[in-house]
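Peer 1: Below is one structure. I have some questions about it.
The values are calculated or read from the model by the stated rules, or taken from the named source; none is laboratory data. Predicted model only: the values in this text are computed from it and were never measured. Here the Cβ positions follow ideal geometry from the backbone for every residue, glycine too, while neighbour counts run over all protein chains shown.
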Amino acid sequence: MSWTVRKEKNGKWKGHVELPRFADGRRNRKKTKQYSKKRDAENAAKEIESLYLSGIRLEYKNLLFSDLCKMFLESTSVKNKKRTTIENYNKNIKNHLKPEFRNYLVTAVNHQVVQEYINHLANAGYKYNTIDNIKSTLSSIFEYARVDLECIQKNPVNDIKIPNYSKNNNGISNQQKNNYIPPENIEKLFERFPEGNPNFLPLIFGYRCGCRDAETYAITWDDIDLKEATLDINKQLQYIDKHWCLVPPKHNSYRKIGLDEDTVELLKRERARQEKFKSEDENFMTVYEKDGIINYDGGKPVDFVIKLEHGAFKSPNTRQHIADVAHHELQIPYTYHSLRHTHATILAEEGYSPYDVMLRLGHKNINVTLKYYMHNTDGTRKASQPKLEEIMKKLQEKWLRNNS
């Protein structure tokens with residue numbers, strides 16, 4: 001292996017590196033770009049030689065982190081993973097890793113850079129488990145770069161420590177919290193998005209049924225039994241590999257829940273309204289599902305309850321409009337997930353047991369129900385008061401009998 005520099009006819013210098021021959025005997029030559037100074041051409045040739053000796057593939061020496069992420073997500077090893085894993089990779093890359101490392105050369109991301117980023121997440125208030133999740137995704141990306149692309153020698157995420165104080169973090173302070181929505185604010189939301197508005201039904205399914213947003217937008221008319229007043233929750237929508245896909249509900253929380261009379265009646269009206277649009281619009285669109293992917297080309301027809309008037313698919317991303325109006329126009333705290341909190345609290349006020357609430361909301365275990373969804377409102381305190389008085393009265397009667 002050797003290198004030389006030569007002066008070109010235009011007066012500039014170019015480096016020529018002779019690397020070991022390929023396995024089939026062909027010569028393996030690499031050239032640098034042209035430089036005005038001989039010294040620059042020499043340094044470029046030395047760099048190519050050094051990269052080869054270090055085991056790094058030369059074609060990836062200028063690879064940007066954003067391009068690495070794209071290659072990683074399109075790799076066979078990732079595509080063979082579970083959809084939930086792929087979804088997690090996409091979320092962490094889009095929301096955290098790309099904004100931070102987008103224009104970094106992959107070879108420039110070292111242990112110190114990563115450790116400073118992890119410390120930043122802890123100082124910003126991210127929970128320990130969230131940081132660990134982001135760190136795991138970053139490690140998988142760089143392991144792909146090390147093993148599959150051979151563009152780095154060592155994974156810079158190895159031996160990275162998450163600060164212990166992050167275990168006391170309650171989450172990001174600038175994010176909207178999932179809080180109980182009081183009746184006066186619920187009223188404002190439905191006044192702003194009344195029946196017939198495209199955002200009315202998403203609010204109904206969150207507030208009256210406790211559905212997750214991804215479950216809400218996946219509900220189809222064959223999931224609803226208007227005679228029996230039930231809703232079968234058996235799928236959710238997730239954005240995977242640039243497609244909206246139907247996948248099992250979170251934690252495989254398949255469940256059938258009851259619907260109240262008002263909800264049944266408004267769904268009957270909505271069904272009739274959609275049938276009217278379909279019969280009058282000769283260009284009414286049909287949405288299909290093929291291999292779980294939503295499309296307009298063919299497969300199994302999917303009759304979503306939440307759709308645009310001309311039948312087009314309405315993705316969960318459109319729920320952001322409700323949040324924007326709530327925050328900026330109505331000036332009220334709101335997240336879609338808060339509708340689930342509110343629904344659970346209402347059930348608690350009416351005497352539902354935590355176990356019943358857990359089954360209705362599809363929680364993995366009852367601790368989640370108790371920790372996040374049973375808000376201590378005036379209603380729950382008032383609901384418990386008669387029961388407390390009844391218990392105290394019985395204890396008093398028992399004490400009087402025993403002491404008479």
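Peer 1: Quick one: how many residues across region 58-81 are at pLDDT 90 or above, assigned to a helix (DSSP H, G or I) and surrounded by 11 or more Cβ atoms within 10 Å (Cβ to Cβ)?
Peer 2: Count: 10.
Peer 1: Same structure, new question: Of the residues that sit in region 35-57 and are at pLDDT below 70 and exposed (fewer than 15 other Cβ atoms within 10 Å of the Cβ), which one is nearest to the chain's Cα centre (by Cα)?
Peer 2: R57
Peer 1: Further question: Return the residues of region 278-313 that are surrounded by 14 or more Cβ atoms within 10 Å (Cβ to Cβ), basic (K, R) and within 26 Å of the chain's Cα centre (by Cα); say none if nothing qualifies.
Peer 2: Once the filter is applied, which keeps residues that are surrounded by 14 or more Cβ atoms within 10 Å (Cβ to Cβ), basic (K, R) and within 26 Å of the chain's Cα centre (by Cα), region 278-313 yields only K307.
One line per residue, one yes/no per condition, for (1) over 24 Å from I224 (Cα atoms); (2) out of contact with any helix residue (DSSP H, G or I) (no Cβ under 8 Å at 6 or more places or on another chain):
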residue	(1), (2)
T286	no, yes
V305	no, no
I322	yes, no
H327	yes, yes
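Peer 1: Name every residue in region 117-155 that is under 17 Å from L105 (Cβ atoms) and in a helix (DSSP H, G or I), in order of residue number. Even if it seems obvious, please write down each step before you answer.
Peer 2: The initial filter retains those residues of region 117-155 that are under 17 Å from L105 (Cβ atoms), namely 117, 138, 141-142, 144-146, 149-155.
The answer is Y117, L138, I141, F142, Y144, A145, R146.
Peer 1: What number of residues within region 228-243 are within 17 Å of R212 (Cα to Cα), touching a helix residue (DSSP H, G or I) at 6+ places or on another chain (Cβ under 8 Å) and part of a strand (DSSP E or B)? Write out each step before concluding.
Peer 2: In the first step, residues of region 228-243 are kept if they are within 17 Å of R212 (Cα to Cα); the result is 230-239.
Subset that is touching a helix residue (DSSP H, G or I) at 6+ places or on another chain (Cβ under 8 Å): 231-239.
Then keep just the ones that are part of a strand (DSSP E or B); that gives 231-233, 236-239.
Result for region 228-243: 7.
Peer 1: Another one. For residues that are small (G, A, S) and part of a loop (DSSP other than H, G, I, E, B), tally how many sit in region 302-336. Before the answer, list the steps.
Peer 2: Quick first cut of region 302-336, residues small (G, A, S) only: 311-312, 315, 323, 326.
From what's left, part of a loop (DSSP other than H, G, I, E, B): 311-312, 315.
Summing the residues that are small (G, A, S) and part of a loop (DSSP other than H, G, I, E, B) in region 302-336 gives 3.
Peer 1: Scan region 82-109 residue by residue and report those that are within 29 Å of E47 (Cβ to Cβ) and surrounded by 12 or more Cβ atoms within 10 Å (Cβ to Cβ). Talk me through it step by step, then tell me what you get.
Peer 2: Of the residues in region 82-109, the ones within 29 Å of E47 (Cβ to Cβ) are 97-98, 100-109.
Passing the criteria: L97, K98, E100, F101, R102, Y104, L105, V106, T107, A108, V109.
Peer 1: Given the condition touching a Pro at 6+ places or on another chain (Cβ under 9 Å) and at pLDDT 95 or above, answer yes or no: does some residue in region 239-250 qualify?
Peer 2: Let us first name the residues in region 239-250 that are touching a Pro at 6+ places or on another chain (Cβ under 9 Å), namely 239, 244.
Checking the rest, the ones that are also at pLDDT 95 or above come to none.
No; the residues of region 239-250 include none that is touching a Pro at 6+ places or on another chain (Cβ under 9 Å) and at pLDDT 95 or above.
Peer 1: Mind listing just one residue for me: the one in region 210-227 that is at pLDDT 95 or above and either among the acidic types (D, E) or in a strand (DSSP E or B) (or both) and, of those, surrounded by the fewest Cβ atoms within 10 Å (Cβ to Cβ)?
Peer 2: D222
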